[in-house]
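K.L.:
Mind having a look at this structure? Questions to follow.
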Amino acid sequence: MTAGSTQPGSGAARAAPGQAGPPDADSLAEIELAAARRPVDTFGQGCVIVCNHLVRIYLVEGVEVQALQGLDLEVAPGELTALIGASGSGKSTLLNILSGMDRPTAGQVTVAGHDLLTMKGKDRLQYRRETVGFIWQQTSRNLLPYLTAAENVAVPMSFTGVSRRARAARAASLLEMLGVASCRDRLPAEMSGGEQQCAAIAVALANNPKVVLADEPTGELDTATAAHVFSALRTASAEAGVTVLVVTHDAEVAEHVARTLAIRDGRTSTEVLRRATAGGLVDAGAGEEYAVLDRAGRLQLPGEFTEALALRDRVRLALEPDHIGVWPDTVPPARDAERPGRHRQAGPGRSGRREGE
Ligand code: ADP
Ligand code: MG
């Protein structure tokens, strides 16, 4: 055989000039086939906030604190979502990352198309000024005490080159939209807590952000005033078309928003969806609770369920035509005989191999 001749059937695998050697035709074809078979990953598609396995570990005197433990989160544009969790569950950690003030240890996070892992100093500053607005729990932290409400709303616009006249006009119209037009020329000390938070929402909206983030915005307010602030946040979401994410430890907040997510131990675990009524309010009776199934197939069972059936360490699973059964490991297998032939066991020891493997 002369040098340079090819083997029959090897044309597809021929090395291009300069390549080290011919790739293996079979393995290439296999890889391409496997890629084509893989389900298209639609996670985060069309969403304005996307967190994918977000991890944040703090190092305190050599000890690791896992504030976020692989959190997944999708928020669609224009949604008003509440993330509810106990103190220490990682809510502020998440908001600090979404607002561009902190960086995650691992995972992916994008807000309005900005990749917050790779974003550099100058872009980060611009992101914080123009893409996100922020509302803190402490009313005193949101507004400068020596400026009126209107002057406070004008401050963020002065960083983005808006003319003085346009600033004043926008400040007045935002305060009006949020129901606090009467506070325009008042200092924060001359306003109630609820009025201050509504003015703070106006400050957050000043530069027309894509996303408004609020960390316990009603934490210092009574229930009636909190309802008023939530109504202002709903207005922001509906009229300014902005996406709003509120974090709070107050489960009552669920009554004011269409979508609530629960965060436990740094991971989102359950989700409640409520239908809005014609008046824009929320029909609490229509709320349905869902558990969040993450992309690795993991879900967190609600504590009430696991406690009621004493589920711990290990459970037995069975696939039914339209649901999955979960039993305590202690239930004798005889129980399954009551459901003959309807399910496949997926308990300990099941091989998990498919036919032909
Ligand atoms: P939440 O806002 O839900 O109350 P945080 O996000 O503030 O929770 O805190 C989550 C966990 O991370 C807690 O255990 C907290 O002690 C820890 N943590 C938060 N910030 C820091 C920090 N800067 N350094 C060390 N640990 C922190
Ligand atoms: Mg907090």
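K.L.:
List every residue pair whose Cβ atoms lie under 7 Å apart, where the two residues are 6 or more positions apart in sequence or sit on different chains, the first residue falls within region 197-219 and is assigned by TED's automatic domain parsing to the domain that holds residue 77 and over 14 Å from residue 140 (Cα atoms), and the second residue, located anywhere, is away from ligand 1 (no atom under 16 Å from the Cβ) and polar (S, T, N, Q).
P.N.:
Qualifying pairs under 7 Å: 207/160; 209/131; 210/131; 210/243; 211/131; 211/243.
K.L.:
Quickly run through region 75-104 and pick out the residues that are exposed (fewer than 15 other Cβ atoms within 10 Å of the Cβ) and within 16 Å of ligand 1 (Cβ to nearest atom).
P.N.:
Those that are exposed (fewer than 15 other Cβ atoms within 10 Å of the Cβ) and within 16 Å of ligand 1 (Cβ to nearest atom): 86, 87, 88, 101, 103.
K.L.:
Looking at the structure I just gave you, is residue 212 touching a Pro at 6+ places or on another chain (Cβ under 9 Å) and not small (Gly, Ala, Ser)?
P.N.:
no
K.L.:
Something else about it: Let me confirm something: among 99, 87, 92, which residue is touching a Phe, Trp or Tyr at 6+ places or on another chain (Cβ under 8 Å), closer than 19 Å to residue 219 by Cβ and in the same structural domain as residue 200 (by TED's automatic domain parsing)?
P.N.:
Numbers: 87 fails: touching a Phe, Trp or Tyr at 6+ places or on another chain (Cβ under 8 Å); 92 fails: touching a Phe, Trp or Tyr at 6+ places or on another chain (Cβ under 8 Å).
Just one listed residue meets the conditions, 99.
K.L.:
Can you pull out the strands (runs of 3 or more DSSP E) entirely within region 77-184 that have at least 2 residues that are in contact (Cβ under 8 Å) with a residue 60 or more places away in the chain and within 16 Å of ligand 2 (Cβ to nearest atom)?
P.N.:
Details: elements: 80-84, 106-111, 132-135.
Result: 80-84, 132-135.
K.L.:
Hey, any hits in region 66-76 for a residue that's farther than 12 Å from residue 266 by Cα, in the same structural domain as residue 240 (by TED's automatic domain parsing) and not small (Gly, Ala, Ser)? Spell out how you get there, then give the answer.
P.N.:
Initial filter on region 66-76 (farther than 12 Å from residue 266 by Cα): 74-76.
So of that shortlist, the ones also in the same structural domain as residue 240 (by TED's automatic domain parsing) come out as 74-76.
Narrowing the set further to residues that are not small (Gly, Ala, Ser) leaves 74-75.
Yes, because at least one residue in region 66-76 is farther than 12 Å from residue 266 by Cα, in the same structural domain as residue 240 (by TED's automatic domain parsing) and not small (Gly, Ala, Ser).
K.L.:
Kindly indicate whether any position in region 51-58 is closer than 25 Å to residue 234 by Cβ and either more than 10 Å from ligand 1 (Cβ to nearest atom) or under 13 Å from the mean Cα position of the chain (by Cα) (or both). Give the derivation first.
P.N.:
Filtering region 51-58 down to residues closer than 25 Å to residue 234 by Cβ leaves 51.
Cutting the leftovers down to either more than 10 Å from ligand 1 (Cβ to nearest atom) or under 13 Å from the mean Cα position of the chain (by Cα) (or both) gives us 51.
Yes.
K.L.:
Now for a separate question. Which residues, counting only those in region 94-148, are closer than 26 Å to residue 66 by Cα and among the charged types (D, E, K, R)?
P.N.:
Matches in region 94-148: 102, 103, 115, 120, 124, 128.
The values are calculated or read from the model by the stated rules, or taken from the named source; none is laboratory data. Note that the structure is predicted; figures quoted are calculated from it, not measured. Cβ atoms come from the backbone with ideal geometry, glycine included; neighbour counts cover every protein chain shown.
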